[in-house]
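Below is one structure, written out as structure tokens; the observations come after it.
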Amino acid sequence: MRIHSFPSLASLLVPCLAGGLAALPVATAGAQGAVEIEGATAGYSLTAPAPAPSRPRPAGQIEDAARRFAPAVRHCYQEEGLKQDPALSGDLRVAMTVAPGGDVRTARVTVTGARGVGMRAVVSCVTAAAGSWHFAPGPFRQERVRLSFRLHASD
């Protein structure tokens with residue numbers, strides 16, 4: 001039976017790192033050139049794959065999402081805001097970065113025309129809820145989506 005001995009990962013990495021980062025070639029899409037490796041020259045040519053088709057989400061899909069997420073906003077408004085102030089009102093805007101797969105990456109909630117106390121709790125609740133919202137996946141680019149909600153005690 002033959003036993004093979006392989007060098008440790010650390011012994012392979014140390015010589016590369018000892019030369020510093022400047023010794024490591026950095027290539028970009030479409031780059032061509034030569035890299036010198038201990039006296040020998042190796043050529044390289046890189047090409048980027050064709051980008052996937054990308055288009056904005058249709059307005060109808062965003063409107064459907066606003067209707068789908070409205071109950072979560074209403075819940076936050078009723079449970080967090082109206083319990084502090086039964087006359088609380090204002091306009092809520094939810095700005096989100098939506099990934100091509102439909103996941104919400106970031107969410108920021110702003111309020112205009114707030115009347116009454118308790119809006120800070122509503123904003124906190126809606127921000128947390130928006131982080132779990134999901135849009136339909138598809139050949140979409142990452143984009144900013146803005147949804148607006150009017151909050152009034154009669155809602």
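The values are calculated or read from the model by the stated rules, or taken from the named source; none is laboratory data. All of these numbers come straight from a predicted model, not from anything done at the bench. So basically every Cβ, Gly included, is an ideal-geometry build from the backbone, and we count neighbours across all protein chains shown.
Looking for whichever is more than 17 Å from the chain's Cα centre (by Cα) and at pLDDT below 95 here; the options are G101, G60. Which one fits?
G60
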Quiz prompt | Subset of segment 63-110 (residues that are among the acidic types (D, E), closer than 14 Å to A121 by Cβ and assigned to a helix (DSSP H, G or I)) | solution = E79, E80
Quiz item: Looking only at segment 102-155, which residues are of a type in the set (A, V, I, L, M), surrounded by 14 or more Cβ atoms within 10 Å (Cβ to Cβ) and free of Cβ contacts under 8 Å to residues at least 40 places away in the same chain?
Solution: V104, A107, V109, V111, A114, M119, V123
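Looking at R108, is it within 16 Å of the chain's Cα centre (by Cα) and at pLDDT below 95?
Taking the combined requirement at face value, the residue does not satisfy it.
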Self-check item: Residue that is nearest to the chain's Cα centre (by Cα) [pool: residues in segment 77-98 that are farther than 14 Å from F135 by Cα and hydroxyl-bearing (S, T, Y)]
Solution: Y77
Self-check item: Residue in segment 111-139 that is nearest to A65 (Cα to Cα), counting only those that are of a type outside the set (V, I, T) and assigned to a strand (DSSP E or B)
Solution: H134
